[in-house]
Amino acid sequence: MKSTGNGEKNNANVKDGKSKINFFLVFLICWLVVVTGFIAWFLLRFNNFAAIYESQYQDSLPYHTAEAITQHFNNHDVEYVVANMTSNPGVTEFEDQSVVSEYVETLLNGKSFVYVETDSSREDEPEYYIKTDDGILVARFELKEDKSESLPYGFKAWEQESLELFTAAAYDVVVSAPETYKVYINGIEVSDTYLDGEVVPSELTQYVDPYAVIPGTKNYVVKGLYKKPAVTAVDYLGNECECVYDLVNDTYTVGFVKDFEGREELEEFAISFTSTFANYISQDAGNYALDKYFPSGSQALSYIKRNSSRELYTRHGSVSIHNEEIKDVIVYSEDVVYMEIYVEQWMEMYWGSDEPEVIPTDAHVYFVKINDKWLVGGIQY
């Protein structure tokens, strides 16, 4: 009976112990499940947050704005580029801002562009170059925080702060013209503020001194044009005249005009003078035959009369004038005209062939108008 009692007590203790162990295990398992679930939920939420955060961060980076600006260049969006330039390139008085648009169109046309960060770029002030895919820099732009737009997590939005286009005016104009003429670039008169130095006096004045002065030369230099200009000129009377472009030296030259009112009359006078001059030298005209062609007291006439070669001229028979020609005319002013006159003397000789000896005379004569009458101012030998 005693043994049996102890056995029943032991069995009761075993049952109570099993009940306690099972309750603890259940609690432990439940706790682990709860903790594991919370961790899984937390990690899921954190990963979701991290993904959104990373996405928002990437979207806030300034290179997106840089890409958008560069895309306008790749789209050849001239209107955007011109409108967003921080300052328009300076143009001369001979062009307007429309040439800038034409220049930008030429700059963008047929090219592709990329952006690169500059060495001076900062995190709070991003700065970029735009260049062609072959490495030519064409622009520089800066970004600033766009405070009108609010992004999550305190990230910054960006907008363009400045855009500088590396424009280069490709054309300089060099023009030489008589000082009495007017020069125009794109229809606008070029003033003396564009003179390169002083007026250069004409060395030819020596042939008309003291009766007149041959106009000197003005040299104009106009820099900073974006488009090849139209260069024109008018003479001292306001008539359009020729403006010759020299491709090799990249210069324009305005020459003196060749025609004037009363030209035919002066040509007749010039041929008459040259014929008389040739006959005078060959002693087929009198000692005073030339006097009527020169002003009173002319030094040029005095030089001719002192020419001792006239006395040594070969004896000959009759002389006639043929093949008269005006080879060149330059009108320096209303009172000064240069002519190159050619005549031939057909001279019978006392010996040799029966054919006449042909003596050419090519005279370079400067005529001056004195009291409304043309006279010989000088001769260029």
*Rounded to the nearest whole Å², what accessible area per residue is found for the chain with the 1.4 Å probe?*
62 Å²
*Options (1) 26.8, 80; (2) 49.3, 194; (3) 25.5, 81 - which one matches Rg and Dmax of the Cα atoms in Å as calculated here*: (2)
*For segment 255-288, list residues with backbone N below 20 Å from a point placed 7 Å from the Cα of Glu357 toward its Cβ?*
275-286
_Restricting to DSSP H runs of at least four residues, report the calculated mean residue ellipticity at 222 nm for the chain, -39500 (n - 2.57) per run over all residues, nearest 500 deg cm²/dmol._
-10500 deg cm²/dmol
_Estimated dipole of segment 226-344 in Debye, rounded to 20 [Cβ of Lys and Arg +1, of Asp and Glu -1, Cα centre]_ = 560 debye
*May I ask you to derive the FRET efficiency for Asn186 and Arg263 from their Cβ-Cβ distance with R0 = 30 Å, giving the value to the nearest 0.05?*
0.40
*Among Phe141, Asn249, Phe27, whose Cα lies farthest out toward the positive end of the dipole of the chain, if unit charges sit on the beta carbon of Lys, Arg (+1) and Asp, Glu (-1)?*
Phe27
_Let's see if you can work this out: charge +1 on each Lys and Arg Cβ, -1 on each Asp and Glu Cβ, no other charges. What is the dipole magnitude of the chain about its Cα centre, in debye to the nearest 20?_
3440 debye
*Ser318 versus Glu102, label points 7 Å from Cα toward the beta carbon: distance in nm?*
6.8 nm
_Taking R0 as 25 Å, what FRET efficiency do you get between Asp328 and Val221 from their Cβ-Cβ distance, rounded to the nearest 0.05?_
0.25
*Could you state the angle between the C-alpha long axis of helix 2-60 and the longest principal axis of the C-alpha atoms of the chain, as a value from 0 to 90 degrees rounded to the nearest 10?*
10 degrees
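Sort Tyr57, Tyr236 by heavy-atom solvent-accessible area, probe 1.4 angstrom, most to least.
Tyr57, Tyr236
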*Simple label model, 7 Å out from Cα along Cβ direction - Val34 to Glu240, nm*: 10.2 nm
*Just the number, please: carbon plus sulfur as a percent of the accessible area of segment 334-381, 1.4 Å probe, no ligands or DNA/RNA counted.*
46 percent
*Just Thr361, Thr314, Thr118 to compare: in a GNM of the chain, with alpha carbon springs under 10 Å, which one fluctuates most?*
Thr314
*Would you mind calculating the gained length between Phe23 and Glu203 on full extension (0.36 nm times residue separation, minus the Cα-Cα distance), in nm to one decimal?*
52.1 nm
*Kirkwood Rh, Cα atoms: Rg over Rh of segment 198-321*: 1.14
*For segment 303-371, alpha-carbon Rg over 2.2 N^0.38 Å*: 1.46
_Which one, Phe94, Val234, Val104, projects farthest toward the positive side of the charge dipole computed for the chain from Cβ point charges (K/R +1, D/E -1)?_
Val104
*Spin-label point model (7 Å from Cα, Cβ direction): what's the Glu348 to Arg306 distance in nm?*
3.7 nm
*Have a look at Val221, Val104, Val35 and tell me which one the Gaussian network model of the chain (Cα, springs below 10 Å) gives the largest fluctuation.*
Val35
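The values are calculated or read from the model by the stated rules, or taken from the named source; none is laboratory data. A quick note: this is a predicted structure, and the numbers were derived from the prediction, not measured. Every residue, glycine among them, receives a Cβ derived from its backbone with ideal geometry; neighbour counts consider all protein chains shown. For accessibility, only protein heavy atoms count, side chains too; no ligands or nucleic acids. Shrake-Rupley method; radii C 1.70, N 1.55, O 1.52, S 1.80 Å.
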